[in-house]
1. Filter the range 68-94 down to residues that are part of a loop (DSSP other than H, G, I, E, B) and out of contact with any helix residue (DSSP H, G or I) (no Cβ under 9 Å at 6 or more places or on another chain) and give me whichever is modelled with the highest pLDDT.
2. Step by step: first the residues of the range 121-152, then only those that are modelled with pLDDT of 90 or more and basic (K, R), then the one that is farthest from C25 (Cα to Cα). Which residue is that?
3. Select from the range 2-33 the residues that are acidic (D, E) and free of Cβ contacts under 8 Å to residues at least 60 places away in the same chain and write down the one among them that is farthest from I128 (Cα to Cα).
4. Are there any pairs with C-beta distances below 6 angstrom linking a residue in the range 110-124 that is under 19 Å from E16 (Cα atoms) and touching a residue at least 40 places away in the same chain (Cβ under 8 Å) to a residue that is of a type outside the set (G, A, S) and assigned to a helix (DSSP H, G or I), with the two at least 6 apart or on different chains, and if so which?
Amino acid sequence: MSLVLDTLRISTITEELTDAELEICEGLFDVQNHKAGDLIVQPGGKEPDNLYILAQGEIQVKIHGDAGDSVIHVLKPGDVAGIITFVGGSPSQHSAVLSSVGESKVLSMPSAKFDTLVTSRPMTAHKIMRGVVRYMHGIVRNMNAKSSDLNSYIYRNSGGY
């Protein structure tokens with residue numbers, strides 16, 4: 001098997017695809033190799049509309065604040081990044097920095113390549129976009145749970161604030 005196919009098989013966004021559809025999608029992705037500390041995505045970067053799927057390693061998602069950079073999440077193989085600009089959001093909406101924790105391999109697909117899939121295989125593209133929505137919903141659900149826990153800690157459990 002190939003690294004691209006193996007990664008697509010474990011990613012949430014492609015879970016509805018058949019083997020034949022996965023093989024079609026394989027050609028849409030490039031593999032990027034990164035060393036520890038490499039910046040993969042940053043605001044204003046050169047590839048603002050690419051979709052990224054982590055194939056191997058770990059990627060830190062960091063945001064810049066008044067106190068410096070804060071790691072808000074660590075991506076594991078199969079996880080996705082770059083969704084907002086990939087689906088048409090403005091590059092100015094891209095606020096996170098993705099950096100490689102160690103050696104990593106990342107699948108990268110420009111939105112223009114996905115557009116070719118939309119015109120040639122609309123149902124396959126539809127299944128992928130359904131997967132993107134499910135992935136985003138999982139992120140929102142997780143954030144809501146964390147927000148609820150924090151709210152409970154502060155206001156109901158004598159959190160010391």
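1. To start, the set of residues in the range 68-94 that are part of a loop (DSSP other than H, G, I, E, B) comprises 76-79, 82, 87-90, 94.
This time we only want the ones that are out of contact with any helix residue (DSSP H, G or I) (no Cβ under 9 Å at 6 or more places or on another chain), so: 76, 82.
On the way: K76: 94, G82: 85.
Selected residue: K76.
2. Step one: list which residues in the range 121-152 are modelled with pLDDT of 90 or more, which gives 121-134.
If we keep only those that are basic (K, R) as well, we get 121, 127, 130, 134.
Values: R121: 10, K127: 12, R130: 15, R134: 19 Å.
Going through the qualifying residues, I end up with R134.
3. If we filter the range 2-33 for residues that are acidic (D, E), which is where we start, we get 6, 15-16, 19, 21, 23, 26, 30.
Applying the additional criterion that residues be free of Cβ contacts under 8 Å to residues at least 60 places away in the same chain yields 6, 19, 23, 26.
Working: D6: 16, D19: 14, E23: 14, E26: 13 Å.
Within the range 2-33, the match that is farthest from I128 (Cα to Cα) is D6.
4. Hits for this filter: T124/E21.
Conditions tested, residue by residue: (1) loosely packed, with under 13 Cβ neighbours inside 10 Å; (2) among the aromatic types (F, W, Y); (3) in a helix (DSSP H, G or I); (4) over 15 Å from the mean Cα position of the chain (by Cα).
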| site | (1), (2), (3), (4) |
| --- | --- |
| T119 | yes, no, yes, yes |
| T124 | no, no, yes, yes |
| V132 | no, no, yes, no |
| M136 | no, no, yes, no |
| L150 | yes, no, yes, yes |
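The values are calculated or read from the model by the stated rules, or taken from the named source; none is laboratory data. All of these numbers come straight from a predicted model, not from anything done at the bench. Methodologically, a virtual Cβ is constructed for each residue, glycine included, from the backbone with ideal geometry; neighbour enumeration extends over all protein chains shown.
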